[in-house]
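To keep things clear, I will list the structure first and then write my remarks on it.
The values are calculated or read from the model by the stated rules, or taken from the named source; none is laboratory data. Not measured: the values here are computed from a predicted model. Here the Cβ is made from the backbone with ideal geometry for all residues, glycine too, and neighbour counts use every protein chain on show.
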Amino acid sequence: MRKGLRKRRSRATDLWEIIIAARRWMLAYGLLIFLPACIMLFVYYEQSSRILQEEVTQTMQQTLKQAGINLSSRLDYVQKSSNSLFMNHKLYENLDPAIPIIERIDQSKELRNLLESVQTAPDIIRARIYTDPGNIYGFDLLNLFPLDNLKERPWREEVMNAGGSIVWTGIYKENYLDSGPARILSCVRILRHPRNFDRTLGVLMLDVPEKMVADIISELDFPAQGRVYMVNRSGTIIYSAEPSLIGTKAALAGESDEGILERSENGVDLFEVRAPIRAADWRLVLEVPKSDLTHRTTTLSQWSGIATIAGMTIMFLILVFMLMAFVINGMNRRIKSVVKTIRTEGVEGLEEPRTDRGGDFYLLERVVDHLVHRVKDLMEEAYRSKMLEREAELRALQAQINPHFLYNTLDTINWLAISRDADDISHMIESLSDYFRLSLNKGKDHVCVADEMELARVYLEIQQNRFPSTFKFVIEADPEANGCIIPKLTLQPIVENALLHGIRKNKSKTGTICISAKRSGDELEITVEDDGIGMEEQLASSLLSESRPLLRAEGNGSSYGLYNVNERIKLLAGYEYGMAVRSRLGEGTVVTVRLKAMQEKQTE
């Protein structure tokens with residue numbers, strides 16, 4: 001009882017000394033490291049946040065500017081297509097009205113062919129001409145339209161006043177006769193008579209899908225709260241991911257084409273980043289709340305702050321090691337004292353109360369005390385484990401009697417069958433005895449290919465007695481392959497699957513199972529092929545990729561074995577080896593096993 005009380009008092013004293021030592025270390029850390037680090041981190045954070053904020057906004061501006069360049073390039077290609085058509089004399093010849101009706105019909109056909117050829121260009125989904133009904137014969141309302149259809153367009157006056165220059169419309173909805181409604185923007189210009197400039201022949205329009213603009217803008221990586229839209233020279237929004245904003249006036253901070261501006265909207269401070277789209281005289285605008293951008297820069301600053309604290313902590317640890325160098329002699333003296341006590345008085349000597357309690361050194365002594373007792377306990381546990389292991393070996397030796405009893409019993413039944421002229425029963429008992437002998441293999445985990453082939457043969461002969469006249473089998477093995485070592489019961493699950501899931505499910509014909517083994521250099525390949533019902537490719541792949549595949553055996557669960565066999569092969573030979581299953585529904589299945597060719601000495 002007194003001994004237990006001394007132990008409890010010793011543990012309480014150790015705990016109190018740990019608390020006192022921890023308080024001293026925490027105080028030293030706070031004065032020497034934490035407070036200076038906090039001051040430095042605050043200054044560093046303020047400076048780095050400002051710099052990072054500038055870098056982030058400039059990066060966003062460059063990204064937006066690149067998007068503007070991409071958009072301008074795509075729109076410029078459409079403009080070049082419009083210019084090419086605008087300079088084509090065939091266009092004006094076919095728009096000039098002809099007197100005979102046959103010529104007017106031919107003109108309409110040539111116009112349609114000309115416009116359809118332009119539609120093959122990238123980003124141009126429709127080429128249209130609006131002209132006076134007297135110029136051509138009939139309108140197909142696909143490429144040719146009457147000029148009066150443009151009266152209600154909001155940009156009609158701008159096009160007419162442009163004098164043949166290109167005018168880009170904003171995003172609007174158009175209902176095509178052949179493909180239905182679509183959101184587009186158009187490159188528009190008027191066509192004048194080449195010999196009479198005051199006379200208008202019509203209006204040429206090349207339609208571009210809104211998706212082209214949306215795809216370029218959607219690829220931009222901006223903060224989640226950011227908003228990108230496109231405005232024309234007057235500040236009207238002509239594209240936005242929010243359709244309700246199209247056609248409204250944007251609250252811009254100024255008139256510049258590009259740059260980074262700051263403004264407030266509804267009490268929210270915003271960064272406004274701009275980039276020009278020079279082909280159409282438009283601008284891309286990005287609005288990002290300052291709070292969202294500050295969050296990004298804060299995250300980056302935090303990592304830098306952590307790196308700073310880590311560096312200062314390392315400096316502190318170096319200082320600690322330098323201080324420890326001055327007291328190492330005292331520590332050695334205490335350790336030697338503990339070792340001497342263990343040598344002279346044994347482990348029990350450490351349980352006696354110590355009069356010299358030198359703070360942290362006494363704490364070290366108690367830690368050594370605890371470690372010594374722990375080593376003692378581990379040695380006792382190791383001794384008990386060794387005794388349990390010897391008992392398990394004894395039980396395993398006793399259990400070896402059971403297979404001999406089984407073989408002797410089967411042999412007795414076999415002789416009884418022979419004495420009564422029951423040859424079929426005798427053959428079945430011999431096959432069953434061979435099956436157990438080969439599958440048990442005296443407790444070994446690996447067998448040679450010849451024994452595994454023999455086990456497959458015995459298994460199939462037993463199944464032939466169960467299901468007569470339903471299948472045949474062929475087993476072939478190269479002499480070089482027979483001596484190779486493979487995991488026990490590798491072929492049996494594969495052969496069982498071939499029989500039960502391939503041959504037996506095909507009720508209409510007699511099946512064949514072919515088993516072959518060959519060695520090529522350092523590789524061993526075993527193939528099991530059947531001409532049964534086969535399976536779908538997804539089902540075949542699931543046999544090796546899932547421990548519980550889609551296939552279910554009829555009451556015996558053999559389909560679960562393929563995954564386990566594959567894993568055993570990889571553990572033995574390496575992950576570059578294993579099984580492969582090829583199968584097509586109605587054509588049979590081929591299972592190939594690839595292993596490293598190993599002899600018995602290599603697996604010991």
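Just checking, which of 452, 480, 523, 529 is surrounded by 22 or more Cβ atoms within 10 Å (Cβ to Cβ), among the acidic types (Asp, Glu), touching a strand residue (DSSP E or B) at 6+ places or on another chain (Cβ under 7 Å) and assigned by TED's automatic domain parsing to the domain that holds residue 583?
Details: 480 fails: surrounded by 22 or more Cβ atoms within 10 Å (Cβ to Cβ); 523 fails: surrounded by 22 or more Cβ atoms within 10 Å (Cβ to Cβ); 529 fails: surrounded by 22 or more Cβ atoms within 10 Å (Cβ to Cβ).
Exactly one residue qualifies, and that residue is 452.
So in segment 578-593, with the set limited to residues that are of a type outside the set (A, V, I, L, M, F, W, C) and buried (at least 17 other Cβ atoms within 10 Å of the Cβ), which one is farthest from residue 503 (Cα to Cα)?
Restricting to residues being of a type outside the set (A, V, I, L, M, F, W, C) and buried (at least 17 other Cβ atoms within 10 Å of the Cβ), the top hit is 578.
Does residue 115 satisfy the criteria of being more than 23 Å from residue 180 (Cβ to Cβ) and either in the same structural domain as residue 276 (by TED's automatic domain parsing) or assigned to a helix (DSSP H, G or I) (or both)?
no
Looking at (1) among the basic types (Lys, Arg); (2) modelled with pLDDT under 80; (3) within 22 Å of residue 482 (Cα to Cα), can you tell me which one residue 570 breaks?
Unmet condition: (2).
Going by the structure shown, is residue 269 farther than 24 Å from residue 83 by Cβ and outside any loop (DSSP other than H, G, I, E, B)?
yes
Which members of segment 167-201 meet the condition of being touching a Gly at 6+ places or on another chain (Cβ under 8 Å) and without any contact (Cβ under 8 Å) to a residue 60 or more places away in the chain?
Filtering segment 167-201 down to residues touching a Gly at 6+ places or on another chain (Cβ under 8 Å) leaves 170, 185, 189-192.
Answer for segment 167-201, where residues must be touching a Gly at 6+ places or on another chain (Cβ under 8 Å) and without any contact (Cβ under 8 Å) to a residue 60 or more places away in the chain: 185, 190, 192.
State which residue pairs qualify: first residue more than 20 Å from residue 569 (Cβ to Cβ) and among the small types (Gly, Ala, Ser) and inside segment 522-537, second residue assigned to a loop (DSSP other than H, G, I, E, B) and at pLDDT below 90 in any location, beta carbons under 9 Å apart, and separation of 6 or more residues or different chains.
532/504; 532/505; 532/506; 534/585; 534/586; 534/587
Sort out which residues of segment 223-259 are within 37 Å of the chain's Cα centre (by Cα) and surrounded by 18 or more Cβ atoms within 10 Å (Cβ to Cβ), and write them in order of number.
If the condition is that a residue be within 37 Å of the chain's Cα centre (by Cα) and surrounded by 18 or more Cβ atoms within 10 Å (Cβ to Cβ), then 226, 228, 229, 230, 239, 240 are the ones that fit.
Just to be sure I understand, how many residues within segment 233-251 are within 20 Å of residue 63 (Cα to Cα) and in a loop (DSSP other than H, G, I, E, B)?
1
Here are some residues: 179, 186. Which one is assigned by TED's automatic domain parsing to the domain that holds residue 108, closer than 26 Å to residue 110 by Cβ, of a type in the set (Ser, Thr, Tyr) and touching an Asp or Glu at 6+ places or on another chain (Cβ under 6 Å)?
Numbers: 179 fails: touching an Asp or Glu at 6+ places or on another chain (Cβ under 6 Å).
Going through 179, 186 in turn, just one is assigned by TED's automatic domain parsing to the domain that holds residue 108, closer than 26 Å to residue 110 by Cβ, of a type in the set (Ser, Thr, Tyr) and touching an Asp or Glu at 6+ places or on another chain (Cβ under 6 Å): 186.
When you look at residue 64, is it closer than 22 Å to residue 206 by Cβ and either in the same structural domain as residue 183 (by TED's automatic domain parsing) or surrounded by 13 or more Cβ atoms within 10 Å (Cβ to Cβ) (or both), yes or no?
For residue 64, the condition - closer than 22 Å to residue 206 by Cβ and either in the same structural domain as residue 183 (by TED's automatic domain parsing) or surrounded by 13 or more Cβ atoms within 10 Å (Cβ to Cβ) (or both) - is not met.
Which residue pairs have Cβ atoms closer than 9 Å, lie 6 or more positions apart in sequence or on different chains, and pair a first residue in segment 497-513 that is assigned to a helix (DSSP H, G or I) and at pLDDT 85 or above with a second residue that is of a type in the set (A, V, I, L, M) and surrounded by fewer than 19 Cβ atoms within 10 Å (Cβ to Cβ)?
497/551; 497/553; 500/553; 501/551; 501/553
Going by the conditions given, is residue 226 touching a residue at least 24 places away in the same chain (Cβ under 8 Å) and in contact with a strand residue (DSSP E or B) (Cβ under 7 Å, 6 or more places away or on another chain)?
In short, yes.
Which one is nearest to residue 93 (Cα to Cα), of the residues in segment 134-159 that are loosely packed, with under 13 Cβ neighbours inside 10 Å and of a type outside the set (Asp, Glu)?
Looking at residues that are loosely packed, with under 13 Cβ neighbours inside 10 Å and of a type outside the set (Asp, Glu), I get 134.
Yes/no per residue for (1) in contact with a Cys (Cβ under 7 Å, 6 or more places away or on another chain); (2) exposed (fewer than 13 other Cβ atoms within 10 Å of the Cβ); (3) among the β-branched types (Val, Ile, Thr):
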| site | (1), (2), (3) |
| --- | --- |
| 81 | no, no, no |
| 86 | no, no, no |
| 105 | no, no, yes |
| 117 | no, yes, no |
| 129 | no, no, yes |
| 164 | no, no, no |
